[in-house]
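Accompanying notes for the structure given below.
The values are calculated or read from the model by the stated rules, or taken from the named source; none is laboratory data. None of the values given here were measured: they were computed from a predicted structure. Because the Cβ atoms are built from the backbone with ideal geometry, glycine has one as well, and the counts that use them run over all protein chains shown.
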Amino acid sequence: MTEWKGPCFLVIPNQVLNLIQDLRFRDLDFGLMRQKEHLNHDCLFGKTEKHSRRVSHMELQALEKLVKGRRSLRKWKKEDVPDDLIKKAIELATWAPNGGNYQGWHFIVIKKKEIIVKMADAVQSISDRIAGWPEAKEWQGDVDRYRKNASFFRNAPVVVAAFTGEYQSVMDKVLLARESFDPEAKQVLTFRRSAPTSIQSVAAAVATMLLAFHQMGLGAVWLGAPLMAKGEIEAILRVPADFSLICLVAVGYPDESPQRDRKPVGEVIKFVY
Ligand SMILES: Cc1cc2nc3c(=O)[nH]c(=O)nc-3n(C[C@H](O)[C@H](O)[C@H](O)COP(=O)(O)O)c2cc1C
């Protein structure tokens, strides 16, 4: 028998390849990836990055589907949302990146209709007052639209309130101690205060929570507008003094399927080499 030393080709249908990748064998190098997948890999990491992990096309597609499929939902069925699902979504949210891994966030899950309505009334009331101020006249159309939609979350079966707790990074402690006499320290503090890491951390958690809810078949919306009634909402929820409300998330089983678009990524991205 002659020994064959040339290349060996194996023909495998795409479905089988997909199955293999779906079974999460992606870390084993089968050497069987389709050309398309090579291109994808090369685009993502560049050909020279030999040691980078191979990105599974299937998993990236699943992630893309999840991220792009999520929409802000503002109409919900009356159906109750099981506590377990909410707890799981919040648990996943706590795996978000956060400043110093301090995890200085708190979440209050409100399922009691009466409390949700109280919070919504507080937001509606301040929106109505603002819309009535003479300064609102110039933008009355937009202001009225805002006012009309200010408290739709009263119909949500569940509202999650997200808070920051007391947190000060060690750098802030140093800067604060010098702020009064050192203009540079004061300037750096101003920069840091322009986007406090405690708020960035809660935002990361809330974004993660929304994806988790979406994956569970729930529909949620991030609500910044209720901050207008921050004092009242904190009082209604009787939170400790160091809790600071960042936003509400209204969630339930969706009763609408809105569409949204995004700018082409080329419009918002710039590489600096
Ligand atoms: C910081 C923040 C605050 C928001 N506040 C509100 C709000 O008060 N009311 C509301 O209806 N939607 C609010 N949204 C949802 C946005 O309107 C929504 O994300 C945006 O229109 C894009 O739509 P999409 O989430 O369906 O892609 C907020 C979103 C973010 C990130």
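Remarks
- Annotation note: of VAL265, VAL251, the sole residue that is among the aliphatic types (A, V, I, L, M) and buried (at least 16 other Cβ atoms within 10 Å of the Cβ) is VAL251.
- Which listed residue, of ALA229, ALA185, is at pLDDT 95 or above, under 26 Å from the mean Cα position of the chain (by Cα) and on the phi < 0 side of the Ramachandran plot: ALA229
- Check on VAL249, more than 16 Å from the ligand (Cβ to nearest atom) and either of a type outside the set (D, E, K, R) or not in a loop (DSSP other than H, G, I, E, B) (or both): no
- Extreme residue, nearest to ASP255 (Cα to Cα), among residues of region 53-71 that are within 16 Å of the ligand (Cβ to nearest atom) and not in a helix (DSSP H, G or I): ARG71
- Residues in region 198-241 that are within 10 Å of the ligand (Cβ to nearest atom) and part of a loop (DSSP other than H, G, I, E, B): GLY224 only.
- The single residue among ALA89, ALA122, ALA136 that is assigned by TED's automatic domain parsing to the domain that holds ALA207, small (Gly, Ala, Ser) and under 18 Å from GLY231 (Cα atoms) turns out to be ALA122.
- The C-beta contact set for region 193-214 (first residue modelled with pLDDT of 95 or more, second residue within 12 Å of the ligand (Cβ to nearest atom) and charged (D, E, K, R), distance under 9 angstrom, 6+ apart or interchain) comprises LEU210/ARG70; LEU211/ARG70; PHE213/ARG70; HIS214/ARG70; HIS214/ARG71.
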